[in-house]
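Below is one structure, written out as structure tokens; the observations come after it.
The values are calculated or read from the model by the stated rules, or taken from the named source; none is laboratory data. Not measured: the values here are computed from a predicted model. Cβ atoms come from the backbone with ideal geometry, glycine included; neighbour counts cover every protein chain shown. Remember, those area values only see protein heavy atoms, side chains included, never the ligands or the DNA or RNA. Shrake-Rupley method; radii C 1.70, N 1.55, O 1.52, S 1.80 Å.
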Amino acid sequence: MARGHKTPRWLEAARRRGGEAPSPDGRADWLSRALGRAGVLPRADAEVAIREGRVELDGRVEREPFAPVHTGSQVKVDGRVRELSLATRVLMFHKPSGPVVHGSDPEGVGTVFERLRAVLPEVLLGYEWLAVGRLDRDTTGLLLFTNDERVVRHGTAPKTHLTKRYVARVAGRPGEVALQRLRDGLALEDGPTRPAGATLRAPDVVELTLTEGRHHQVKRMLAAVGHPVRELHRESVGGVALDVVEGAWRELRAEEVQEGLGFRSE
Ligand code: URA
């Protein structure tokens, strides 16, 4: 079977049981993911606990991490009843230059997930934190994390058009012609860019506000107008502006998630 058509493991597990399949868009879920979202155990730890027979689902030991869970499922971990909370949480993190926004780290430079976990309090370590989009390894600034994959989809979907404000120190001195090309939109190899905000903050510092988030987009746009990026920093996403020091984090308030990011859970 072609790779792209493989049946997802959660669906296979649901079918084997003859039960109702969890909906990837609804709040029904599979066990290890539900534990990570609810802040009980991050997903990899949850899989280990499940395989070790430490997790009970509706009164029976469950050894399948992809077992479907439903609203009202009763879960115990190590004999303790755990709530499968659906509350959406979003954190801002001030990414330093260096770590990658990837789960895997073949070069051993460290990941933002490790950096975040190193500064989170115990009560937040049970969550599986998902990054909302990517920043390059050498980019600093605002990176959002969430326990809710719907926030990831909302924040990264091309149609959302959430603004992202970057500040780039560039080579050379961009003139009005270059800035206007950035504003109007220019041709990149993966298509034209949407109109953007572009102003100078200093002779070699450009503030660029995008409503899309393609791979290396800021670097590619500035290179296309003849001013390669030397340093890149993200200041804000939607109405949420970075306000913690490098390496630090804070949780967003519900109104920041709703008004600032435009995300509503239902
Ligand atoms: N655009 C880039 O080129 N790099 C980033 O990290 C973010 C946006």
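General observations
- Total residues in segment 155-174 satisfying the condition of being among the basic types (Lys, Arg), away from the ligand (no atom under 15 Å from the Cβ) and open to solvent by less than 40 Å² (accessible area, probe 1.4 Å): the figure is 0.
- Taken as a whole, the condition of being within 23 Å of ARG264 (Cβ to Cβ), assigned to a strand (DSSP E or B) and either open to solvent by less than 20 Å² (accessible area, probe 1.4 Å) or within 16 Å of the ligand (Cβ to nearest atom) (or both) does not apply to LEU232.
- Of the residues making up segment 175-194, those that are of a type outside the set (Gly, Ala, Ser) and within 16 Å of the ligand (Cβ to nearest atom) are LEU182, LEU186, LEU188, GLU189, ASP190, THR193, ARG194.
- For segment 198-225, filtered to residues that are free of Cβ contacts under 8 Å to residues at least 24 places away in the same chain and in contact with a helix residue (DSSP H, G or I) (Cβ under 9 Å, 6 or more places away or on another chain), the residue that is nearest to the ligand (Cβ to nearest atom) is ALA198.
- Answer from VAL152, VAL257, VAL206, VAL177 - the residue that is open to solvent by less than 60 Å² (accessible area, probe 1.4 Å) and farther than 25 Å from SER97 by Cβ: VAL257
- Segment 115-129 - residue that is exposed (fewer than 11 other Cβ atoms within 10 Å of the Cβ) and without any contact (Cβ under 8 Å) to a residue 40 or more places away in the chain and, of those, nearest to ARG33 (Cα to Cα): GLU122
- Segment 132-145 - residue that is assigned to a strand (DSSP E or B) and in contact with a Ser or Thr (Cβ under 7 Å, 6 or more places away or on another chain) and, of those, most open to solvent (accessible area, probe 1.4 Å): THR140
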